1. With r defined as the distance between the Cβ atoms of B:ASP44 and B:ARG107 and R0 fixed at 22 Å, what FRET efficiency is calculated, to the nearest 0.05?
2. In whole angstrom, note down how far apart the Cα centers of the stretch A:421-454 and the stretch A:6-74 are.
3. Taking a temperature of 4 °C and a viscosity of 1.567 mPa s, what whole-number D in µm²/s does Stokes-Einstein yield for chain B with Rh from Kirkwood over alpha carbon pairs?
4. In terms of the Cα gyration tensor, with a ≥ b ≥ c the square roots of its eigenvalues, is the stretch A:34-102 rounded because a/c is under 1.5, prolate because a/b exceeds b/c, or oblate?
5. Taking amide H positions as placed 1.01 Å from N in the peptide plane, with prolines and chain starts having none, which residues 5 or more places from A:HIS77, or on another chain, fall under 5 Å of its amide H?
6. Would you mind getting me the FRET efficiency between A:ARG353 and A:ARG126? Use the beta-carbon distance for r and R0 = 56 Å, nearest 0.05.
7. Given the C-alpha atoms of the stretch A:403-477, compute the convex hull and give its volume per residue in Å³.
8. Return the distance in nm (one decimal) between the two label points of a simple spin-label model at A:ARG431 and A:SER486, each offset 7 Å from Cα along Cα→Cβ.
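Computed from the coordinates by the stated procedures, all read-outs in this text should not be read as laboratory data. This is a predicted model, so every value here is computed, not measured. Note that each Cβ is placed from the backbone with ideal geometry, even for glycine, and that neighbours are counted across all protein chains shown.
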Amino acid sequence: MQIHNKSGQYAGRRKIVSGIIIVVGLVLLGRLFMLQIIDPSYKAFARSNFLRHITDYPARGLIYDRHGELLVYNEVHYDLMVIPGQVGDIDTLEFCRLLNMDVSTFESRLLQARRHSRFRASVFERQISKTTFAAFQEKMFRFPGFFVQPRTLRRYTYPIATHTFGYVGEAGPGIIGNDPYYRPGDFIGISGIERAYEKELRGQKGLRIRMVDVFNRDIGPFHDGRYDTLAIAGKDIYTTLDTQLQLYGEKLMQNKRGSIVAIEPATGEVLTLVSAPSFDPGLLVGRQRTRNYRMLQNDTLKPLFNRALMAQYPPGSVFKLVSTLIALQEGVVEPHTRYGCGGIYHAGGISVRCRSHPSPVNVVTAIKYSCNTYSSIIFQNTINNPVFGGIQHAFSHWRDYLVSFGFGRTFGSDLAFELPGLVATADYYDRLYGRSGWRSQTILSLGIGQGELGVTPMQLANMTAAIANRGYYLTPHVVKAIDDPSSPNTRYSLANNIPIDKEHFETIVHAMHMVVEDGTGRFSRIPGISMAGKTGTVQNPHGENHSVFVAFAPVDDPQIAISVVVENAGYGSVWAAPIASLMIEQYLTGKVQRKWFEDRVLNQSFLTAQP
Amino acid sequence: MTKKQGIIKNSDKTVILLFLVMVAIGWLNIYAAEYTEGRGHVFDLGTSFGKQLMFILSGLVIAAAVMLIDVRFFTGFAKIIYGVSILLLVAVLFAGVEINATKAWFRIGGLAFQPSEIAKYGTALALASIIGNMRTRKPGKADLLKGFGVILLPAGLVLLQKDVGTTLVFLSFSLALFREGWIGLIALAVGGIAVFLFVLTLMMNEFIIIGGLAFMAVVIGVITRKKTGAVLHVITLFLVLSGYVYSVDYAFDNILQPHHKARIEVLVHGNADLQGAGYNLHQSKIAIGSGGLWGKGFLQGTQTQFNFVPEQTTDFIFCTIGEEWGFAGSLVIIGLFVWLLLRLLYLAERQKSTFSRVFGYSVTSVLFFHFAVNIGMTVGLVPVIGIPLPLISYGGSSLWGTTLMIFTFLKFDANRHEML
Ligand SMILES: [Zn+2]
């Protein structure tokens, strides 16, 4: 064996080799220092790997009618969720086959979910079928990152009261940005009761933190469930609606455009709220919601538009009730004051037509025959009353009365999306005509409910309820009780008083009774029921006039106050009054005797009359 | 009796102690990686920690046997041991079983055995023998042929098993050759630059690198412009390096197979594809990175306990250490390895015979390569080429192979005065 000296001529190279070892050790340490000490992101990654934040969605509160009949309830369905950061190496083809989805859709959905968040769950596929769910549940362990989330969908006992219930939809980015409660895919009330009572109906989501292993198998609760919260079920809502009356109202309004609003005068509870044409509330539930919504949006009949709360019409002759009450209160007319009517009234170059009726008329007969001349005179008397020393002041005073009836403002109750209507101010006329440029005859049409007036069917019904109450109303509302039917909603139990004496209301109630007994509304008299009403025909520059009728019954113990508007249907006495009378008969007696009268309404369509 | 006492007395206690500590740490972490509450006794042979305990015990028997056998057995039979290991490498190509897409294993009963572990040992012995038996101080042509031949032959056979990781381990012998003067400092530096440029080319656009080289060439050219011929050298060097960079890029785009490309792309471009090749590395980095300074505690690592890191007892055992013991644990492991390697170098340098010095350097080089590449790949500095962390990773072949190498060298060291 050849023997070399102790370390050979290259002994110095030991230092180089040692140096390499030390440098590599230091490089590894430096890298580990970066990973373990400097960069905090891996701790978050690790948590998201093994922790699943499972949201427990509480059942949304149910909705009942005033008699406790269930109207809106829930049905369970399943959403397939994904946490993109946890999606492992899965068999995409198998997955797509289970879901009946093509691979490119799979990839784009995953990308979309990843853009939202790598660590938060996103909805991957909405409302998978029960069979898909079952197949999936079995193979779940093979698809880490995916899980099934049970959710509930709204179901409706009857396809009615769509606008009142409103609908539930996914919380959009705007809502999610403002309220941390909502996460993408969460539902929120978009309109109607669902919106107004969202906080009560939704309940409180629960959160469970579970540990899972790499196969997405549940290992158990994190820290023995210390951070878990229980879901709290939503509260039930007991509405003021009368299901039978709502059903009947929607039936009568088939093939018509317009609305019916019925209120219980003593409480302000809305018995029925019909906006026609309407649609099945079930259309705005589930997977087809977006498509159906678009279809409804494009419908020229505007079914999404809640006419009862949002349509604004000049009230026409029904407004004479209010203007006469004001004149009586202001003392510019006495109940027995008589004026002659020759079928036309002239005031400073302005003329108002009237129809032929016995003359002269007093307050009661003027209402009974809906005399334009009488209304014009007393309106002028009110506005020209010298005690105010000027039209601005007099008009503002007159306008205050209207506001006290609920016109020109919203009620601010639980009715979503109500509009205030329009009652012009003195300033408005000042701007339009100049401060001294307008007289009582300039605004004469207001006296007969035309001109710069816009009222909603809800406001008309409320006005009728106030008259039925002889001087006050309770804010109209649709929710009777929350959670417990025996503890009523007291939010709207305060009376809103109208500064007009009760005796004047009695005069007007008498006149309204006469309208039905022997006046313009006599064809709609209900045998055995005393009804007070007033017809209206709203001039419509765009087509056929709108048919309007307001009424309450029984006269001495009002149970129901109602407003009916049928668009493009002509005289109030011909269509709106019969519908109101049928509604009242249905509500007070539980059935309708006058079948021919009912058939006449049911068989009539006004939808083709649309210009 | 006296001979045995002499062996214990002359053996390097530091290396033995480091060996025992590292094997124990390895076992604890294998236990943690495999641990499931309420399952598996420590000696349960159905678990990897149970098996590893058996491997450790049998490894100690091997160590003791090596220490007791006459040292001349190893010097005398070096070439025969090498020959046997080559035969095993050939045999495994025909009779072996495929595990993880490599045909590198014999299966005997319930145990799998990897002959390439023996081949590393055999190659170290054979190389030591060739260099130790050289007639001249400078290697002749025949020596060079034999020396490189004994390394390349097993490397080629291992490559035929499709075990790229272990094939690359044979590169580490170049460190021993460097020490013996077979490879110059310039060659080592050129090799280093080549590797550096290679990785750089994969990480960024080749034209940026060539642009950078051009800039450096201009700067060096201006500085050395007074020297005759320097400019020509600079231009030549620039052209050679640019050509190299360009061909690396070309090779990567056109020659490499997709899955290799994917692995390299994961390494250089971060976590581009977490579902595919990047998954292991990503989970590995999460495990280590989430350990923090002090770690999550024994059996408390969520990545480890919920099995998020694949191959965690074997190639990715360092994840368990990083996660459960934190940076402190990492520091200890790296410290132990550097200590062991430097100690082995020290021992190698104090050998009186070239044979045992070359063998010591070979052992150190192989262990160093495993250490650097294994931990480097778990932290994303090196492509994922599955090779184990010596003494720590689960696996009988690896542990026995490492034990053989270390204790054979300790035997040489203990008998260094006799080995003349
Ligand atoms: Zn008249």
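1. Efficiency at R0 = 22 Å is approximately 0.60.
2. Centre-to-centre distance over Cα atoms comes out at 72 Å.
3. Details: Rh = 23.2 Å.
Result for D is 56 µm²/s.
4. Values: a/c = 6.29, a/b = 1.80, b/c = 3.49.
Oblate is the answer for the stretch A:34-102, as a/c is 1.5 or above yet b/c matches or exceeds a/b.
5. Amide H neighbours of A:HIS77: A:ARG151, A:THR152, A:LEU153.
6. Values: r = 60 Å, r/R0 = 1.07.
About 0.40, to the nearest 0.05.
7. Working: hull volume 7.7 nm³, N = 75.
Considering the Cα atoms of the stretch A:403-477, their hull volume per residue is 103 Å³.
8. Each label point is offset 7 Å from its Cα along the Cβ direction, giving 5.5 nm.
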